Amino acid sequence: MSHYILVHGAWEGSWAWEFTAPYLTAKGHTVTTVDLPGSHGNPQEISKVTLASYADTVVQALRDVDGKAILAGHSLAGTVISEAAEQLPEKVEKLIYVTAFLLKNGDNALAAMQRDTESKFLSAITFSDDQSYASASEETVRAFAFHDVEEARIQHSLPLMAAQQATAPFVAGITVTEENFGSVPKIYLRTTADKMISPAAQDQMIRNWNVDQVFDLDAGHFPTLSVPEKVARFMM
């Protein structure tokens with residue numbers, strides 16, 4: 001059996017995995033869900049929320065595991081699990097990207113979003129005057145993130161979302177090498193109805209590295225909420 005460390009994306013928290021995790025534990029796997037700095041379960045000042053602080057949180061979770069773990073990241077967490085795998089490749093059994101940013105060395109999530117001309121999400125969010133954080137209205141979240149999620153789960157999730165998402169983790173360039181990060185097996189869960197990271201953008205990122213397996217999900221950007229059983233099945 002494997003130990004999974006599940007990492008959430010922007011505006012999210014460990015709650016984003018709560019419908020998926022039970023399918024993994026039911027098969028005998030161990031699951032750790034982390035709350036990154038600035039999330040509902042780990043409140044921090046915006047100035048302290050960085051890609052490095054995200055990665056440090058996951059690296060510590062890896063160190064706490066006896067043996068290797070499987071790292072799964074949703075959306076922005078793709079950059080986080082990549083950074084963690086670069087630092088501790090010997091601790092990572094494999095990496096699973098759930099419609100997540102799989103970037104080349106030096107690239108950043110904001111630049112990837114700007115290149116994604118098929119998604120209008122970036123223009124739908126509001127940035128603070130000092131550009132230190134971004135906000136997304138409920139209308140925006142429903143239209144771009146939760147458009148295929150059942151209403152009860154939307155109502156459950158909305159109060160748990162961070163009102164402000166630090167921009168620092170989006171603009172920080174990631175550090176990944178062929179020697180470390182490149183040596184870890186990778187799986188990508190591609191979402192074909194995604195309005196936040198378009199399928200075309202996902203395809204481009206899949207080509208950035210040697211991805212061992214790609215699975216298609218007929219889902220929007222939150223398959224962990226809309227089709228959690230299918231997500232879990234492809235992760236095992």
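The values are calculated or read from the model by the stated rules, or taken from the named source; none is laboratory data. Nothing here was measured: the structure is a model prediction, and the numbers come from that model. Neighbour counts run over all protein chains shown; Cβ positions are idealised from the backbone, glycine included. What goes into the accessible areas is simple: the full protein's heavy atoms, side chains included, and nothing from ligands, DNA or RNA. Shrake-Rupley method; radii C 1.70, N 1.55, O 1.52, S 1.80 Å.
A few points about this structure:
- Entry remark, the range 4-61: residues being open to solvent by less than 10 Å² (accessible area, probe 1.4 Å), touching a strand residue (DSSP E or B) at 6+ places or on another chain (Cβ under 7 Å) and not in a loop (DSSP other than H, G, I, E, B) number 8 in total.
- The C-beta contact set for the range 60-83 (first residue touching a residue at least 24 places away in the same chain (Cβ under 8 Å), second residue open to solvent by less than 10 Å² (accessible area, probe 1.4 Å) and charged (D, E, K, R), distance under 8 angstrom, 6+ apart or interchain) comprises H74/E12; S75/E12.
- Selection status of L122, of a type outside the set (K, R), assigned to a helix (DSSP H, G or I), open to solvent by 10 Å² or more (accessible area, probe 1.4 Å) and over 17 Å from D203 (Cα atoms): yes
- Residue check for L110: in a helix (DSSP H, G or I), open to solvent by 10 Å² or more (accessible area, probe 1.4 Å) and without any contact (Cβ under 8 Å) to a residue 24 or more places away in the chain: no
- Qualifying residue in the range 180-195 (condition: open to solvent by less than 30 Å² (accessible area, probe 1.4 Å) and either in contact with a Lys or Arg (Cβ under 6 Å, 6 or more places away or on another chain) or of a type in the set (D, E, K, R) (or both)): yes
- Hits in the range 211-221 (condition: under 26 Å from T117 (Cβ atoms) and part of a loop (DSSP other than H, G, I, E, B)): V211, D218, A219, G220, H221
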